[in-house]
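The values are calculated or read from the model by the stated rules, or taken from the named source; none is laboratory data. Note that this is a predicted model, so its numbers are computed, not measured. Because the Cβ atoms are built from the backbone with ideal geometry, glycine has one as well, and the counts that use them run over all protein chains shown. The area values use the complete protein model at the heavy-atom level, side chains included, leaving out ligands, DNA and RNA. Shrake-Rupley method; radii C 1.70, N 1.55, O 1.52, S 1.80 Å.
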Amino acid sequence: MEYNYLKIKNENAICTLAISAPKSLNALNSTILKELDDFVSNIPADVRVLIITGDGEKSFVAGADISEMCNLNREEGYAFGRLGALVFRKIETLPIPVIAAVNGFALGGGCELAMACDIRIASNKAKFGQPEVGLGIIPGFSGTYRLAKLVGMGYAKEMIYTGRAIRADEALRIGLVNAVYEPEQLMAEAEALAIRIIANAPIAVRIAKESIDAEYDLAADDAILYENNAFGRCFETQDQKEGMSAFLNKTKPEFRNK
Ligand code: CAA
């Protein structure tokens, strides 16, 4: 599929995807959502970390496209929300870590896209918010679900009921982002984070993501058992032997993704 709204750079196992719709501050219309769906469904096998950002200096993603939504009826509203929610779920469940490098406005669907990523870092110019109730709707790409999980019920309800946008420093304080950087440093920091991740055993990173996500919704005993099984699976890999023998021999491990 040819992409009109996605800019993709794929280098050294790190793929950077920039959403690019400059006329609408990268707002997500259904064409962009379908392009995103195609991209995440066909991500090259050699990619070990995906970084998602917004093209340009001003915006990560300024939400779902209001001009496309304004005349929708109930069924069409459901279908639009469902489209975005399923694409974001595919991003969340990719077998590789996904970093959101939030370079500007992350409002509505933009905040929701960032929340579907594993890790969020931000420029000090970034702004986060769920302004939907001011438009007569609610967050529609799983924001009512993920925001409370990330920042707790109290902050999520305040942000969603008021629609108030918060700056990067507040997002950092409430745990919505992991770190805040000068705008010109943001992409270098995202890549540095990706490089740290890909230095590790790929299967172990994949099993760690799978375990954290699966265990989050389980009761304690089930979660612990899930981890025990996942831990056991690591010992079937050549990379476990490599990692441990390299440690014992005081050498650098050479992981082979096996
Ligand atoms: N949808 C469609 N167009 C958008 C847009 C959006 N979400 N956000 C910005 N744009 C367009 C503007 O209409 C404007 O277009 P024109 O030049 O043709 O007038 C252009 O982008 C530039 O925007 P502004 O002139 O408004 O730029 P600004 O710097 O003054 O303000 C902003 C920036 C604060 C982000 C403001 O554009 C804004 O409030 N945007 C809407 C944010 C929003 O409400 N997002 C939530 C959408 S609903 C949603 O996402 C539902 C869901 O959960 C799935």
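Here is how the numbers come out for the structure above:
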item	result
F141, sole failed condition from (1) surrounded by 21 or more Cβ atoms within 10 Å (Cβ to Cβ); (2) assigned to a loop (DSSP other than H, G, I, E, B); (3) away from the ligand (no atom under 11 Å from the Cβ)	(3)
Residue satisfying all of: in the stretch 111-120; closer than 22 Å to M69 by Cα and in contact with a helix residue (DSSP H, G or I) (Cβ under 7 Å, 6 or more places away or on another chain); surrounded by the most Cβ atoms within 10 Å (Cβ to Cβ) among these	C111
Test: V177 is among the β-branched types (V, I, T), under 16 Å from the mean Cα position of the chain (by Cα) and either over 30 Å from Q240 (Cα atoms) or not assigned by TED's automatic domain parsing to the domain that holds V47 (or both)	yes
Residue list for the stretch 147-197, restricted to those being basic (K, R) and open to solvent by 80 Å² or more (accessible area, probe 1.4 Å)	K157, R164, R167, R173, R196
Residue count for the stretch 1-40, restricted to those that are of a type in the set (S, T, N, Q), in contact with a helix residue (DSSP H, G or I) (Cβ under 8 Å, 6 or more places away or on another chain) and open to solvent by less than 60 Å² (accessible area, probe 1.4 Å)	5
Residue within the stretch 1-15 that is within 15 Å of C117 (Cα to Cα) and of a type outside the set (V, I, T) present	yes
Tally, over the stretch 38-81, of residues that are farther than 19 Å from M187 by Cβ and of a type in the set (V, I, T)	3
Candidate set: the stretch 121-135, residues that are open to solvent by 10 Å² or more (accessible area, probe 1.4 Å) and over 14 Å from G63 (Cβ atoms); chosen: the one farthest from the ligand (Cβ to nearest atom)	N124
Check on I99, within 26 Å of I207 (Cα to Cα) and assigned to a helix (DSSP H, G or I)	no
Sole exception among (1) closer than 19 Å to R120 by Cβ; (2) touching an Asp or Glu at 6+ places or on another chain (Cβ under 8 Å); (3) assigned to a loop (DSSP other than H, G, I, E, B) for G175, by number	(2)
Qualifying residue in the stretch 51-68 (condition: surrounded by fewer than 22 Cβ atoms within 10 Å (Cβ to Cβ) and free of Cβ contacts under 8 Å to residues at least 24 places away in the same chain)	no
Those residues of the stretch 97-110 which are aliphatic (A, V, I, L, M) and either open to solvent by less than 10 Å² (accessible area, probe 1.4 Å) or outside the structural domain of S59 (by TED's automatic domain parsing) (or both), in sequence order	V98, I99, A100, A101, V102, A106
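Each row is one residue, and each column tells you yes or no for (1) more than 30 Å from N200 (Cα to Cα); (2) within 11 Å of the ligand (Cβ to nearest atom).
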site: N12; (1), (2): no, no
site: S24; (1), (2): yes, yes
site: L36; (1), (2): no, no
site: F39; (1), (2): no, no
site: L50; (1), (2): no, no
site: V61; (1), (2): yes, yes
site: R74; (1), (2): yes, no
site: A85; (1), (2): yes, yes
